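This report refers to the structure that appears directly beneath it.
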Amino acid sequence: MKTLRPAWLVALKDLRLELRTKEILTSTGLFAVLVVTLGSLAFYTDPVSAPNIAPGVLWISILFCGILLIGRSWSLERENDAIFGMLLAPIPRASIYIGKSLSALVLLFVVELLLVPLCLVFFQIDPNDKLLPLIALVFLGSVGFVATATLFSAVGIRTRARDLMLSVLVFPLVAPALLAAAVATRELFAGASLPEVLGWMRILAAFDLLFIGFGLWVSRYLLAEA
Amino acid sequence: MNGARQSGSSTLWGLILLSTLVLFGATLYTVFVVAPVEMQMGIVQKIFYFHVPSAYAMYIGFGVSALGSMVYLIKRDPKWDALGVAGAEVGTLFCLIVLLTGPLWARKAWGVWWTWDPRLTTTLLAGMIFAAYLALRSMGNAGEVEKRFAAGLAIFGLVDLPLIHYSVQRWRGVHPTVITGKGGGLESEMYWALGLSFLAFTGLAVLLIWARAAIERQRDETARLRFELIHR
């Protein structure tokens, strides 16, 4: 409770800020449309091979949009040294981490609401009976990615060359999540049964829990004032 | 007191250096003279005696790096940070050796230079993670924030590796499992060569990490002294 309430307030602050400026959502949303369009242009050949390629395009787009979104979200804290206000507040460091992750996750979901249907339309995939597992996969994949990227951008904003460094650091780390999510989505589109996809979901869930738990522990050390 | 400790540790250093040199001599002799040439692979199979121990030395390096980083985050003692840097650098070096020798073997054994096998993928991504670590540390002299950031990365990186391995394994797998519970298909001389090579590479990894950590501490100390001199 002592951690969760401040976390909720931090997230609320971010979301309120976004609601008023709509800066992150417009830039990331446009970027999402662009990446999916370019991905489809580059990879689409025919409706038969489309279900094999779509998951890759989908997940690469999610990663790119996510890293842009999280980078923006933290650079807001850097401007006017807003981060110090948060660090000075009498709340646990883990709350800052959870709060920023939460707000980034909500924003990423909004972008995905645009991104996923667009990808399905461009690759002519009928999601009908696969909608629930697809949502579950997107959810699990996004959680793990946001948990990792938020932690590293938290420290990264105060280093030089942050934006480039962030992607160079985070992408290899989230590679297993990307692989699990992309392969599971591909199997799903190819008509795999639920138990087969469930195995991948378990890996994703393990990745999520591991990195959230680790983030909670390390945020105490990583977010300390230098 | 300090001097006595220093001479003690330099004796140990010399001892490890000497035994590593002897071990490397013995390894080379066993590998190229004693161990038979493998029937199908021919002389290319000898890569194996350097490839596998390098992979193992890579994990020593990354493990040491993560350990040093973890203690550094908790204790904030620059000594442990130096160990983290040393481990990452030596680990990346061995990773590079693995990634260079691997394809040479693979081309002969599987007919391709690269394949998406769990161990190959894990090694490649481990190399990327720790290359990012080194890039982060090489940007000017790293401040406190960069050090902590890099430490977090090293720990996360190591935790990540089993996950990468497992998920790629589920995806596909062709790597030869030479060392299995049953003992695999090796001649006994080959075992000797491999065992000696493992020992030699352990010694090499320890020496390199030790030396690199000492340099890192001296570099840190020099920077501190220079800072004091300027701001006196």
### Karplus (6.51, -1.76, 1.60) ³J(HN,Hα), θ = phi - 60°, over the stretch A:66-78, in Hz, Gly and Pro reported as x
x, 5, 5, 5, 5, x, 5, 4, 7, 5, 5, 6, 6
### Query
When the Karplus curve 6.51 cos²θ - 1.76 cosθ + 1.60 is applied with θ = phi - 60°, which whole-Hz ³J(HN,Hα) does each residue of the stretch A:115-122 get, with x for Gly and Pro?
5, 5, x, 4, 4, 5, 5, 4
### Task
Hey, for a label at B:Ile43 modelled as a point 7 Å past Cα toward Cβ, could you say which residues of the stretch B:104-136 have their backbone N under 18 Å away?
B:104-109
#### Entry: Area of A:Glu196 that stays accessible when all protein chains are in place (1.4 Å probe, Å², to 10)
100
### Message
With a 1.4 Å probe and all protein chains left in place, how much accessible area per residue does the protein assembly as shown have, in Å²?
### Response
48
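Output the relative contact order of chain A, whole-number percent, from Cα pairs under 8 angstrom with separation of 6+ residues.
Numbers: 247 pairs, mean separation 66.0, N = 226.
Normalised by residue count, the contact order of chain A is 29 percent.
Sort A:Phe43, B:Phe50 from largest to smallest accessible area, using a 1.4 Å probe on the heavy atoms of the protein chains. Mind showing how you got there, number by number?
Numbers: A:Phe43 115, B:Phe50 50 Å².
These residues rank, largest area first, as A:Phe43, B:Phe50.
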#### Entry: Helix axis angle, A:4-21 relative to chain A longest principal axis, alpha carbon, degrees
70
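Probe radius 1.4 Å, ligands and nucleic acids left out: can you give me the accessible area buried at the A-B interface, summed over both chains, in Å² to the nearest hundred? Before the final figure, lay out each step's value.
Working: alone 11510 and 13480 Å², together 21980 Å².
Interface between A and B: roughly 3000 Å².
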### Task
May I ask you to list the lysines whose Cα is less than 22 Å away from that of A:Lys22, ignoring any residue fewer than eight positions away on the same chain?
A:Lys13, A:Lys100
### Message
Please report the carbon-and-sulfur percent of the accessible area for the stretch A:1-77; probe 1.4 Å, protein heavy atoms only, DNA, RNA and ligands left out.
### Response
75
### Message
Along the Cα→Cβ direction, 7 angstrom out, place labels at B:Phe227 and A:Ser193. What is the inter-label distance in nm?
### Response
6.3
### Query
What is the packing order of peptides A:97-104, B:42-49, B:123-130, taking the mean over residues of other C-beta atoms within 10 Å and listing the highest first?
A:97-104, B:123-130, B:42-49
### Task
Please give the helix B:48-75 orientation as an angle from the longest Cα principal axis of chain B, in degrees from 0 to 90, rounded to the nearest 10.
30
### Message
Angle check, please: helix A:194-222 long axis (alpha carbons) against the longest principal axis of chain A (alpha carbons), in degrees 0 to 90, nearest 10.
### Response
20
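When N is the residue count of chain A, what does its C-alpha Rg come to as a fraction of 2.2 N^0.38 Å?
Values: Rg = 17.8 Å, N = 226, 2.2 N^0.38 = 17.3 Å.
For chain A, the normalised Cα radius of gyration comes out at 1.03.
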### Task
Would you mind calculating the relative contact order of chain B from Cα pairs under 8 angstrom and at least 6 residues apart, reporting the percent as a whole number?
31
### Task
Mind giving me the nanometre distance, one decimal, between the label points for B:Phe32 and A:Leu4, set 7 Å out from Cα along Cα→Cβ?
6.7
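The values are calculated or read from the model by the stated rules, or taken from the named source; none is laboratory data. These numbers come from a predicted model, not from an experiment. In this analysis, Cβ positions are derived from the backbone assuming ideal geometry, glycine residues included, and neighbour counts consider all displayed protein chains. The area values use the complete protein model at the heavy-atom level, side chains included, leaving out ligands, DNA and RNA. Shrake-Rupley method; radii C 1.70, N 1.55, O 1.52, S 1.80 Å.
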